[in-house]
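Here's the structure we're looking at; comments come further down.
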Amino acid sequence: MVDEHPDSINDGWMNPNVDAGSWTDLPGSGHNGGCGFNFADGHSEIKHWLEQTTKQPVKQQDWPGMATVSNDRDKAWMNKHSSALR
């Protein structure tokens, strides 16, 4: 489970679309530039994002998706730590 960005919540799951060049759903960054993750083995952690494009302010409007930087370290982290990606 992941703490999704409030503007990006549109369904019951987080789709990072890691293989594409944009965030389809954006992870939250309200915890000092990071968000909470809960894993199936019972542990949890706060991941502090490295890219400014991942740390978006809440605008209280629908999330349109956003292009990421090349070699995005945050998307690489999501890819490594996610069990099911689209």
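The values are calculated or read from the model by the stated rules, or taken from the named source; none is laboratory data. Quick caveat, the model's predicted, so the values are computed rather than measured. Note that each Cβ is placed from the backbone with ideal geometry, even for glycine, and that neighbours are counted across all protein chains shown.
For the reader, a short list of remarks on this structure follows.
- Any hit, the range 59-70, residues being β-branched (Val, Ile, Thr), modelled with pLDDT of 85 or more and not in a strand (DSSP E or B): no
- When residues in the range 6-41 are screened for being at pLDDT 75 or above, under 13 Å from Met78 (Cβ atoms) and among the β-branched types (Val, Ile, Thr), 1 of them pass.
- Filter pass, Ser44 being exposed (fewer than 11 other Cβ atoms within 10 Å of the Cβ), hydroxyl-bearing (Ser, Thr, Tyr) and modelled with pLDDT under 90: no
- Meets criteria (modelled with pLDDT of 90 or more, under 11 Å from the mean Cα position of the chain (by Cα) and of a type in the set (D, E, K, R)) for Lys75: no
- For beta carbons closer than 9 Å, sequence separation of 6+ or different chains, a first residue in the range 23-35 that is without any contact (Cβ under 8 Å) to a residue 24 or more places away in the chain and a second that is of a type in the set (Ser, Thr, Tyr), the qualifying pairs are Gly33/Thr54.
- Residue check, Trp49 surrounded by 16 or more Cβ atoms within 10 Å (Cβ to Cβ), closer than 12 Å to Lys75 by Cβ, at pLDDT 90 or above and in contact with a strand residue (DSSP E or B) (Cβ under 8 Å, 6 or more places away or on another chain): yes
- Counting the residues of the range 22-58 that are of a type in the set (Gly, Ala, Ser) and either under 16 Å from Ser83 (Cα atoms) or not in a loop (DSSP other than H, G, I, E, B) (or both) gives 6.
- Counted residues, the range 36-57 - those being under 20 Å from Trp13 (Cβ atoms), free of Cβ contacts under 8 Å to residues at least 12 places away in the same chain and of a type in the set (S, T, N, Q): 1
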